[in-house]
There are 2 protein chains.
Amino acid sequence: MKKGMIKVSGFYPNGDNNTFDMDYYLNKHIPMVAGLLGDAVKGATVEKGLVGGTPDAPAAYSAIGNLYFDSIEAFEKSFGANADAIMADVPNFTNSEPVLQISEVMI
Amino acid sequence: MKKGMIKVSGFYPNGDNNTFDMDYYLNKHIPMVAGLLGDAVKGATVEKGLVGGTPDAPAAYSAIGNLYFDSIEAFEKSFGANADAIMADVPNFTNSEPVLQISEVMI
């Protein structure tokens with residue numbers, strides 16, 4: 001992804017009582033979101049947390065999902081109209097509250 | 001980056017008293033780390049946090065830096081020998097304690 005692009009990230013906290021269905025997320029949620037947002041989405045990445053900063057520390061996040069857009073306007077325009085449908089799907093794959101963040105790609 | 005690769009992320013918490021020198025991070029720290037780790041590093045990305053999940057919420061992280069490796073072994077082998085030098089440079093660009101996580105690339 002290029003410098004200046006917008007990266008919208010969902011961080012799903014790890015924790016003893018937190019669930020996360022990676023299969024549903026990869027095969028249902030991300031395709032659904034990509035379908036709803038259409039051409040505004042320039043890329044999607046997903047990672048699974050393995051460990052924290054030391055081998056015996058748990059990962060802070062069990063999963064992180066990222067969508068890339070050309071601009072904040074492109075994100076807002078495409079996401080705004082679909083936010084309710086997207087957020088309504090979250091309980092289908094996790095019982096945790098994602099941390100959401102909009103970032104700018106530097107490199 | 002391909003499925004199965006290892007992504008090592010540093011999340012730098014945002015906060016009223018937290019500082020982060022993006023210029024130093026991009027132009028000194030990342031090149032230094034890439035130089036120390038050499039061919040083991042398959043890619044590096046950096047993003048700057050803009051806002052949180054709502055337009056009036058601050059970003060959880062003022063910056064996030066990511067390095068990609070082919071395997072955990074490749075990361076451990078290259079990072080282990082250089083960990084002290086890398087961590088010693090952190091106070092040169094931030095007063096915050098980064099959250100570190102090792103993840104597996106799913107898509």
For B:PHE11, the net charge from surrounding residues (Cβ-Cβ under 11 Å; K, R +1; D, E -1) works out to -2
For chain B, set up a Gaussian network in which alpha carbons nearer than 10 Å are linked by springs, and say which option among B:LEU50, B:LEU36, B:LEU67 fluctuates the most. B:LEU50
Apply the Karplus parameterisation 6.51 cos²θ - 1.76 cosθ + 1.60, with θ equal to phi minus 60°, to every residue of the stretch B:31-48 and state each ³J(HN,Hα) to the nearest whole Hz, in sequence, with x for glycine and proline. x, 5, 4, 4, x, 5, 8, x, 5, 5, 7, 9, x, 9, 10, 9, 10, 9
Work through the residues other than B:GLY53 whose Cβ is under 15 Å from its Cβ and net out their charges, Lys, Arg +1 and Asp, Glu -1. -3
Please build a GNM for chain A, connecting alpha carbons under 10 Å apart, and tell me which residue among A:ASN66, A:ASN17, A:ASN27 fluctuates the most. A:ASN17
What whole number of Å gives the distance from the Cα centroid of the stretch B:8-77 to the Cα centroid of the stretch A:1-77? 16
Please list 3J(HN,Hα) in residue order for the stretch A:86-103, calculated via the Karplus relation 6.51 cos²θ - 1.76 cosθ + 1.60 where θ = phi - 60°; whole Hz, with x for glycine and proline. 5, 5, 5, 7, 4, x, 6, 10, 8, 9, 9, 9, x, 8, 9, 8, 10, 10
Restricting to Cα pairs under 8 Å and 6 or more apart, the percent relative contact order of the stretch B:35-96 works out to 34
Enumerate the amide H contacts of A:SER96 below 5 Å, restricted to partners 5 or more residues apart or on another chain; note that Pro and chain-start residues carry no placed amide H. A:THR19
Roll a 1.4 Å probe over the protein chains and send me the accessible area per residue for the stretch A:44-95 in Å². 48
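If you add up the charges near B:ALA74, with Lys and Arg at +1 and Asp and Glu at -1, over every other residue whose beta carbon is less than 10 angstrom from its beta carbon, what do you get?
Summing Lys/Arg as +1 and Asp/Glu as -1 gives -2.
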Convex hull of Cα atoms in chain A, direction-averaged projection (nm²): 7.0
Counting only protein heavy atoms, what percent of the accessible surface of chain A is carbon or sulfur at a 1.4 Å probe? 53
Once both label points are put 7 Å beyond Cα along the C-beta direction, the B:LYS28-B:VAL51 separation in nm becomes 3.3
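Applying 1/(1 + (r/R0)^6) with R0 = 35 Å to the Cβ-Cβ distance of B:LYS3 and A:ASP39, what FRET efficiency is obtained, to the nearest 0.05?
0.90
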Amide H within-cut-off set for A:GLY53, under 5 Å, with H built and near neighbours excluded: B:LEU100
Under unit Cβ charges (Lys, Arg +1; Asp, Glu -1), what dipole magnitude, rounded to 20 debye, does the stretch B:1-76 have relative to its Cα centre? 240
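Report the charge-dipole magnitude of the stretch A:20-59 in Debye, nearest 20, computed about the Cα centre from +1 at each Lys and Arg Cβ and -1 at each Asp and Glu Cβ.
Values: 3 positive and 5 negative charges, 26 e Å.
Taking the Cα centre of the stretch A:20-59 as origin, the dipole is about 120 debye.
Just order A:56-65, B:1-10 by mean Cβ neighbour count inside 10 Å, highest at the front, would you?
Ranked from most to least packed, the peptides come out as A:56-65, B:1-10.
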When a/c reaches 1.5 or more, the comparison of a/b and b/c decides; with that in mind, is the protein assembly as shown rounded, prolate or oblate per its Cα gyration tensor? prolate
Result for interface chain A to chain B, accessible surface buried in total, 1.4 Å probe, Å² to 100, stands at 2600
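The values are calculated or read from the model by the stated rules, or taken from the named source; none is laboratory data. In this text the structure is predicted, and so the values were computed from the model without any measurement. Neighbour counts are summed over all protein chains in view; Cβ atoms, including those assigned to glycine, are modelled from backbone coordinates with ideal geometry. Please note that ligands, DNA and RNA were not included when accessible areas were found on the heavy atoms of the full protein model with its side chains. Shrake-Rupley method; radii C 1.70, N 1.55, O 1.52, S 1.80 Å.
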